[in-house]
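Notes follow once the structure below has been shown.
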Amino acid sequence: MNGRKQFEFRKVRCRENVSKIIIYATSPVMKVVGEAEVLEVIVDNPGHVWELTSSQAGISKKNYDRYYLNR
């Protein structure tokens, strides 16, 4: 919410023409906490996506790799 994370990583490609995403906080908050404008969707292998996004990923390389393990 502070703007440090500029990318949302997903294992499944989103549908075309997405202009915003709704940000939902899970337990214990359990409510919508914001929204973000989608400027571009990047589809590539995880290694190349990390190269393009790492400076503003908002997560560590270790957590990124764990998320995409076996993908």
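Summary of packing: across the peptides 46-57, 1-12, 22-33, the per-residue average of other C-beta atoms within 10 Å ranks them, highest first, as 46-57, 1-12, 22-33. Placing +1 on the Cβ of every Lys and Arg and -1 on the Cβ of every Asp and Glu, with no other charges, gives segment 1-40 a dipole of roughly 200 debye about its Cα centre. For Arg71, the shell of other residues with beta-carbons less than 13 Å away shows a net charge of +2, using +1 for Lys and Arg and -1 for Asp and Glu.
Here r is the Cβ-Cβ distance between Met1 and Asn70 and R0 is 30 Å; the resulting FRET efficiency, rounded to 0.05, is 0.45. Since only Gly3, Tyr67, Trp50 are under comparison, the one whose Cα sits farthest along the positive direction of the charge dipole of the chain, derived from C-beta charges on Lys, Arg, Asp and Glu, is Tyr67. Which percent of the accessible area of the chain is formed by carbon and sulfur heavy atoms (probe 1.4 angstrom)? Percent of accessible area from carbon and sulfur atoms in the chain: 49.
Over the chain, the pair-distance histogram of Cα-Cα distances with 5 Å bins from zero comes to 3, 13, 23, 24, 23, 12, 2 percent, rounded to whole numbers. Charge dipole of the chain (Cα centre as origin; +1 on each Lys and Arg Cβ, -1 on each Asp and Glu Cβ, all else neutral): 340 debye, rounded to the nearest 20. Per residue, the accessible area of the chain comes to 86 Å² when a 1.4 Å probe rolls over the protein heavy atoms.
For the chain, the tally of Lys pairs with Cα-Cα distances below 21 Å comes to 8, considering only residues 8 or more apart or on different chains.
The values are calculated or read from the model by the stated rules, or taken from the named source; none is laboratory data. Please read these numbers as outputs of a predicted model, since none were measured by experiment. Cβ: placed from backbone, ideal geometry, glycine included. Neighbour counts: every protein chain shown. Ligands, DNA and RNA are excluded from the accessible area calculation, which covers all protein heavy atoms including side chains. Shrake-Rupley method; radii C 1.70, N 1.55, O 1.52, S 1.80 Å.
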